[in-house]
Amino acid sequence: MRRFHAAIGFLVLVVMVVPLASLLLAKDPLPPATPFMRRVEPASVRAGELATAFGDALDKSRVDALYLTDGKNDIKTEIVNQSESSIQFKVPANTAVGRYALMVLLAGADPKFIEQPVYLTVISQISGN
């Protein structure tokens, strides 16, 4: 009788552990991380100059484009270099003086704009422009 109870106990353990182990070992990819910017350097630039935003999930698979926004006008920047942790971009030469939030356009089948909690101040235009 003891063997029977031990066999039943082992069977119950296997029935419970195998599905749990398969869930833990599943190789399904995690959902993509949402891009998040922590800072931009330098914080003040002239129109036409380069700046770099630093954060997480900023690579090309997640961020399709980068904009400056004042809440009314959205200005597309030129991305010069892009990685998981940073985006280097050029502020368009015709950008007006002012304070702008950075905003990303998500890559993928369902693109969305996400305004970031970092700001860039355009202090003047490049001489000769």
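The values are calculated or read from the model by the stated rules, or taken from the named source; none is laboratory data. None of these values were measured; they are calculated from a predicted model. Here the Cβ is made from the backbone with ideal geometry for all residues, glycine too, and neighbour counts use every protein chain on show.
Looking at this structure, is V118 in a strand (DSSP E or B) and either touching a residue at least 60 places away in the same chain (Cβ under 8 Å) or among the basic types (K, R) (or both)? So V118 passes the test. Taken over the stretch 82-94, the criterion of being touching a strand residue (DSSP E or B) at 6+ places or on another chain (Cβ under 9 Å) and more than 13 Å from S44 (Cα to Cα) is satisfied by Q82, E84, S85, S86, I87, Q88, F89, P92, A93, N94. The strands (runs of 3 or more DSSP E) located wholly in the stretch 25-90 include none with 1 or more residues which are under 18 Å from Y119 (Cα atoms), at pLDDT below 95 and among the small types (G, A, S). Once the stretch 38-78 is narrowed to residues that are in contact with a Leu (Cβ under 7 Å, 6 or more places away or on another chain) and surrounded by fewer than 16 Cβ atoms within 10 Å (Cβ to Cβ), the residue that is nearest to A107 (Cα to Cα) is D64. The C-beta contact set for the stretch 76-100 (first residue closer than 14 Å to A51 by Cα, second residue surrounded by fewer than 12 Cβ atoms within 10 Å (Cβ to Cβ) and not aromatic (F, W, Y), distance under 9 angstrom, 6+ apart or interchain) comprises I87/N81; Q88/N81; F89/N81; A93/N129. Residues in the stretch 97-111 that are part of a loop (DSSP other than H, G, I, E, B) and either modelled with pLDDT of 95 or more or surrounded by 14 or more Cβ atoms within 10 Å (Cβ to Cβ) (or both): V97, A107. For the stretch 11-22, the condition of being modelled with pLDDT of 95 or more and of a type in the set (S, T, N, Q) holds for none of the residues.
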